[in-house]
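The values are calculated or read from the model by the stated rules, or taken from the named source; none is laboratory data. Just so we're clear, the structure is a prediction, and the values are computed from it rather than from any experiment. Positions of Cβ are generated from backbone atoms using ideal geometry, with glycine treated the same way; all protein chains shown enter the neighbour counts.
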């Protein structure tokens, strides 16, 4: 996995796992690979991966089971929330950048609706 | 986590030249630490002093041991195999390690050798620089100790082998062991590091958590490392 | 920590291999020389013994130098110095293995000498008896020859040990001393340092040997067996002092060659 070295690695790992859960690659109730295996998969330090997992355990997205490893939560509401959080994050990025270029709110909305239409037409 | 390495008031001169002054450093167990500094800053010297193949004034304790011979049984340092003639077969060197180090794990070595694609029937003279480096790293990591000192492990190594070596470090590092990796080119290992230690002006300039640098300063490790030198110029 | 046995095995193996190579060359040299005499037509029953004897001195010297080089390089190489073993054990094992390797060559040389002498044994015995008949008791008898050979072997052993402890002391003193010399012109400075250290060590050792000889002379006359034993013990004491100094230097000052 390619990291952006300006952003804490544990956050990037957390983000990577969040996306896997939202996209369904890791389904509710699935067992996560071992910490060491994850470390090898993303090419990071075991401690850093452990820290990312701890954060996710605090958020209850991941549930540790003694002696059996870590599991994705079966609480679909939590996953739904996570999904919304991610959408917010992405929009926040775009919004900030466009506002910085002096686009007005209504312009942004219009452009976005138009953009989705075009992309949707392309994909059909 | 317990302290695996404690260096106190270390002073070292070589041929009338001060190399290290008032070095104090404590490392916890279970970490991967980047030892950074310019060429000739004293990274290799510090590693040699910790291992005990060079001597300085001050105290060094590794896993509770301060006597040199005891310390050596807790540290695995990269041996560049200068004692072996070029005609020596690699498997003979493995035998040497197996005999001389009680903590040498042959199974682990074979896995590593396999993973890094090392042909043990070759002679030392038949190895390219990169392959020799891989062989040395496999030997170093195959000892079961508390502290591993890797001195410029990526020196002369192509990017594919670099990935293999990084992966083998992640895969085979014992959970409670600490690995110190020295490098003057940070970005190739920065995602791997828990903390960095910078040697500058003959002493430890800083010892910081890598993700904390990213979080607090919003900088990548390399920029941060370079900023230390710019700040130094301003002071001049 | 590494055991005496394991470290011994490693150093012994290495020195054995080197000595076997030396001996292999020795045998080839003997064979070639014999063939050469054969071609030249000078071959007789005596040739084997003569050739073996004349090569044996060169081989012993070569073996000694080869071991000495290895013996000394072991002190400064990471591969050995990284091994978790006390400096005293390290020093003793190095000396012991060198000694055994040298003794091994000496024994093999003796066997080769004896084997080649056996070809023409009767003739040597005859001429020996002839000498005794002609000159009587002025020629030593067989027992005395064995006795003097044995004491010569003993002296050789002690001198070899003394030589190694002295060479090691010089080497380690110079290496330790070079840490305190400036970077500039390090080659020249190291050379001068070597000369100075060699001079000082040899003077001190010479002084101690004189001390040993003078004090043993006071204990009895020169034909005494005790006198001889005291000499030997005195030399060994000098060696032991050098060894203690060397171990101290290893422990405090001597660094390995930096290979990276």
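Comparison of C:85, C:58, C:74, C:67 shows that the only residue that is under 16 Å from the mean Cα position of the chain (by Cα) and closer than 19 Å to residue C:168 by Cα is C:67. Restricting attention to segment B:195-225, the residues that are within 13 Å of another protein chain (Cβ to nearest Cβ) and under 14 Å from the mean Cα position of the chain (by Cα) add up to 2. Checked against the criterion of being under 30 Å from residue C:47 (Cα atoms), more than 14 Å from every other protein chain (Cβ to nearest Cβ) and either surrounded by 12 or more Cβ atoms within 10 Å (Cβ to Cβ) or touching a strand residue (DSSP E or B) at 6+ places or on another chain (Cβ under 8 Å) (or both), the candidates C:161, C:145 yield just one match: C:145.
Within segment B:114-129, the set of residues being closer than 16 Å to residue B:167 by Cα and either at pLDDT 95 or above or surrounded by fewer than 18 Cβ atoms within 10 Å (Cβ to Cβ) (or both) comprises B:114, B:115, B:117. Counting only strands (runs of 3 or more DSSP E) that sit completely within segment B:1-100, those holding 2 or more residues that are within 24 Å of residue C:90 (Cα to Cα) and within 14 Å of chain C (Cβ to nearest Cβ) correspond to B:57-62, B:75-77. Apart from one condition, residue A:63 fits all of (1) surrounded by 11 or more Cβ atoms within 10 Å (Cβ to Cβ); (2) modelled with pLDDT under 90; (3) more than 22 Å from residue B:210 (Cβ to Cβ); the exception is (2). Kindly evaluate residue A:79 against the criterion of being over 30 Å from residue B:165 (Cα atoms) and surrounded by 11 or more Cβ atoms within 10 Å (Cβ to Cβ). Against the criterion (over 30 Å from residue B:165 (Cα atoms) and surrounded by 11 or more Cβ atoms within 10 Å (Cβ to Cβ)), residue A:79 qualifies. Criterion applied to C:74, C:85, C:100 was being under 23 Å from residue C:159 (Cβ atoms), within 12 Å of another protein chain (Cβ to nearest Cβ) and at pLDDT 95 or above, and the one residue passing it is C:74. Selection of segment C:181-203 for residues being touching a helix residue (DSSP H, G or I) at 6+ places or on another chain (Cβ under 6 Å) and closer than 15 Å to residue C:171 by Cβ yields C:190, C:193, C:194, C:197, C:198, C:201.
Applying the criterion of at least 2 residues that are more than 26 Å from residue B:160 (Cβ to Cβ) and not assigned by TED's automatic domain parsing to the domain that holds residue A:88 to the helices (runs of 4 or more DSSP H) found wholly in segment A:1-69 leaves A:9-23, A:46-58. May I ask you to verify whether residue B:82 is closer than 28 Å to residue B:21 by Cα and at pLDDT below 95? Judged against the criteria, residue B:82 is not a match. The requirement of being outside any helix (DSSP H, G or I) and under 30 Å from residue C:122 (Cβ atoms) is not satisfied by residue C:26. Residue-level analysis places residue B:109 among those that are surrounded by 15 or more Cβ atoms within 10 Å (Cβ to Cβ), on the phi < 0 side of the Ramachandran plot and not in a loop (DSSP other than H, G, I, E, B).
Applying the set (1) surrounded by 12 or more Cβ atoms within 10 Å (Cβ to Cβ); (2) away from chain B (no Cβ under 14 Å) to residue C:174 leaves exactly one unmet item: (2).
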